[in-house]
Amino acid sequence: MTETTSQDDKPLFGRPWIFIRGVPAMKFLPPEGPPEIAFAGRSNVGKSSLINALVGHKGLARTSNTPGRTQELNYFVPDGFSGAEDDLPPMALVDMPGYGYAQAPKEQVDAWTKLVFDYLRGRSTLKRVYVLIDSRHGIKKNDEEVFALLDKAAVSYQIVLTKTDKIKDAGVPRLVEETLQKIAKRPAAYPEVLATSSEKGRGLDELRSAIITAITR
Ligand SMILES: Nc1nc2c(ncn2[C@@H]2O[C@H](COP(=O)(O)OP(=O)(O)OP(=O)(O)O)[C@@H](O)[C@H]2O)c(=O)[nH]1
Ligand SMILES: [Mg+2]
């Protein structure tokens, strides 16, 4: 990754990030501690790629062309937080299994979906969920189910359009506008939609700033 982070976000996102834990079921979650930022979305939407692009480390979260790559809640933290003398806020980024992948065995899909839904509605240290939407496909029924769950649980979420390099530039502002209209009445949806491309590095600074704001509020 060659894109740079803005000056303010550099201390956090300019650090090396490390994988600390993969959580296959709720009982393996770490104790609630630092603020968590989760990345949710349909299978293959680009969750793991976006985390890698944000921290500038291509191989950190495993990505794949095959849907269903991420199978646990994967926790990533900036390396080297030293505690009290460190004035940067500690935090964790949580990469999630995708929902809506119909090809995997039903029991597996059910288990992932349950894990994702249980985590999203029951984690007090979860500060913000980024719900990723593929620019080419828009909001689908299972995305709406996730919005409804987050609205009900009063968990703040923001929509991030992914893979904008795959659509015409002129279509991006229109899609942002359409998406905003679709979530206008949703109480826990942040009324701003981010347009990103992990491939081209687009929209990443905006997302980094939004994350910093979400964890320091
Ligand atoms: N063109 C383009 N391709 C992307 C972008 N982001 C991700 N991809 C591709 O989309 C595919 C899926 O990316 P992942 O990051 O593994 O998606 P995921 O949402 O983590 O998928 P699961 O873990 O299976 O739910 C990979 O082939 C990526 O290279 C992007 O911004 N642009
Ligand atoms: Mg993934």
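The values are calculated or read from the model by the stated rules, or taken from the named source; none is laboratory data. Treat the numbers as computed from the prediction; the structure is a model and nothing was measured. Backbone-built Cβ (ideal geometry, glycine too); neighbour counts: all protein chains shown. Surface areas here come from the heavy atoms of the whole protein model, side chains and all, with no ligands, DNA or RNA. Shrake-Rupley method; radii C 1.70, N 1.55, O 1.52, S 1.80 Å.
Work out the length of the dipole vector of the chain about its Cα centre, built from +1 on the beta-carbon of each Lys and Arg and -1 on the beta-carbon of each Asp and Glu, and round it to the nearest 20 debye.
So the dipole magnitude of the chain works out to roughly 660 debye.
Antiparallel DSSP bridges in the chain: what percent, to the nearest 5? Each step should come with its number before you reach the end.
Numbers: 10 of 30 bridges.
Rounded to the nearest five, the antiparallel share is 35 percent.
Please calculate how many Å² of accessible area region 12-216 carries per residue, with a 1.4 Å probe and no DNA, RNA or ligand atoms counted.
Values: 9720 Å² over 205 residues.
That works out to 47 Å² for each residue.
Charges on Cβ only, +1 for Lys and Arg, -1 for Asp and Glu, centred on the Cα centroid of region 40-175; of V45, G59, L73, which one is farthest towards the dipole's positive end?
The listed residue farthest towards the positive side: V45.
Given A154, Y130, L180, which one lies farthest toward the positive end of the charge dipole of region 119-217, if we put +1 on the Cβ of every Lys and Arg and -1 on the Cβ of every Asp and Glu?
A154
Let me know the longest stretch in the chain that avoids all GluC sites (Glu not before Pro) found in a DSSP loop with at most 13 other C-beta atoms within 10 Å. If you can, show how the numbers build up before the last one.
On the way: sites that count: E3, E32, E85, E192.
Counting at most 13 other Cβ atoms within 10 Å as exposed, the longest clean stretch of the chain is 86-191.
Which ³J(HN,Hα) values, rounded to whole Hz and listed in residue order, are derived for region 37-49 from phi using the Karplus coefficients 6.51, -1.76 and 1.60 in 6.51 cos²θ - 1.76 cosθ + 1.60 with θ = phi - 60°, glycine and proline given as x?
Each residue of region 37-49 in turn: 10, 10, 10, 10, x, 4, 4, 6, 6, x, 5, 5, 4 Hz.
Could you derive backbone 3J(HN,Hα) for region 147-160 from the dihedral phi with the Karplus parameters 6.51, -1.76 and 1.60 (θ = phi - 60°), listing whole Hz in sequence and x where the residue is Gly or Pro?
After applying 6.51 cos²θ - 1.76 cosθ + 1.60, I find 4, 4, 5, 5, 4, 5, 7, 6, 9, 5, 9, 9, 8, 10 Hz.
With 10 Å bins from zero, work out the P(r) of region 12-216 over every alpha carbon pair and list the percent per bin.
Cα pair-distance distribution for region 12-216, in percent: 8, 37, 39, 14, 1.
Near the amide H of I18, under 5 Å away, which other amide H atoms are found, from residues 5 or more places off or on another chain, if H is placed in the peptide plane?
V77, D79
Provide the three semi-axes, in whole Å and in decreasing order, of the ellipsoid equivalent to region 134-217 as defined by the square roots of 5 times the Cα gyration tensor eigenvalues.
Semi-axes (√(5λ), whole Å): 21, 17, 10.
Percent of alpha carbon pairs in region 30-149 separated by more than 19 Å?
In whole percent, the share of Cα-Cα pairs in region 30-149 beyond 19 Å is 48.
Of all accessible surface on the chain at a 1.4 Å probe, what whole percent is carbon and sulfur? List each step's numbers first, then the result.
Values: 5430 of 10740 Å².
The nonpolar share, carbon plus sulfur, comes to 51 percent.
So for the chain, taking the charge dipole from beta-carbon charges (+1 Lys/Arg, -1 Asp/Glu), which of M91, T213, Y101 sits furthest toward the positive end?
Checked the options; the winner is Y101.
Evaluate the relative contact order of the chain (contact order divided by residue number), counting alpha-carbon pairs under 8 angstrom at least 6 apart; express in whole percent.
Over the chain, the number comes to 23 percent.
May I ask what percent, to the nearest 5, of DSSP beta bridges between residues of region 118-206 are antiparallel?
10 percent
Around E144, with a cut-off of 11 angstrom between Cβ atoms, what is the net charge of the other residues, counting Lys and Arg +1 and Asp and Glu -1?
Residues near E144 contribute +1 overall.
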